[in-house]
């Protein structure tokens, strides 16, 4: 399918040889991860010809010195783009929101993505989310959303946002897996959707793809960000089968 672009989210442990033929690869900074591993994976991706996009979760950054070193090393390694997010609920240092990181000025010269929540967030009310977006948007280039299967909420969200939106979708995964991850991040609508599609026990093992979400929203956006909950291999096979490469 032409005119549809995909990015993929990986961890610091993802083997690069397993990656599909995509350009934009995001490196997660999960709770408990050493930021040096994020740096190393990002530089490995750059050296392998990818556009590496490391996550900067505010609540996992201990202090300004750590942030300076983190940003300096990824810049020296050739990284041109970052995703700045609030991150985990637990605050480990001096920062509690992505705007605080942006306001340091350390990311000047880099393309900046920020997080979006079409279904809301379990960590804050909708009014707070809207105010945060208004504060961050002037400093960012685009939005990457949390994954969702609620295309009604998604269409409304895309129409309201002041920046280009890269829509988060779940890569091929069993309904059981989607139910688990929807519960983890508080996606009520997507959780209900997944459960509704699991009427029988054996349905939980059926693999679901994001094709329907993509088809319903691609007239509004052409950038999709894949969360490979079912594994990189399944995602790669799905992209090849559906001819989604551009």
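Read the figures in this text as sums done on the coordinates, not as results from a lab. Computed from a predicted model, the values in this text were never measured in an experiment. Counting neighbours? That spans all protein chains shown, and the Cβs are built from the backbone with ideal geometry, glycine included.
Tell me, in nm to one decimal, what length is gained between residue 4 and residue 23 on full extension, where the rule is 0.36 nm per residue of separation less the Cα-Cα distance?
Result for the pair: 5.6 nm of gain on full extension.
On a 0 to 90° scale, report how tilted helix 175-185 is relative to the longest principal axis of the chain, with both axes built from alpha carbons and the result rounded to the nearest 10.
Tilt relative to the chain: about 40 degrees.
Work out the FRET efficiency for residue 161 and residue 94 from their Cβ-Cβ distance, taking R0 = 22 Å, and round it to the nearest 0.05.
For R0 = 22 Å, the calculated efficiency reads 0.15.
Figure the gain on full extension for residue 15 and residue 241 (residue separation times 0.36 nm, minus the Cα-Cα span) and round it to one decimal in nm.
79.2 nm
Would you mind ranking 221, 27 so that the residue whose beta carbon has the fewest other beta carbons within 10 Å leads the list?
By the 10 Å Cβ count, ascending: 221, 27.
Once both axes come from the Cα atoms, what is the angle between helix 151-160 and the longest principal axis of the chain, in degrees from 0 to 90, rounded to 10?
In the chain, helix 151-160 runs at an angle near 40 degrees to the longest axis.
Note the angle between two axes, namely the Cα long axis of helix 35-47 and the longest principal axis of the Cα atoms of the chain, as a number of degrees from 0 to 90, rounded to the nearest 10.
Roughly 80 degrees, rounded to the nearest 10.
For residue 103 and residue 30 in the same chain, what is the full-extension length gain: residue separation times 0.36 nm, less their Cα-Cα distance, in nm?
Taking residue 103 through residue 30 to full extension adds about 24.0 nm, to one decimal.
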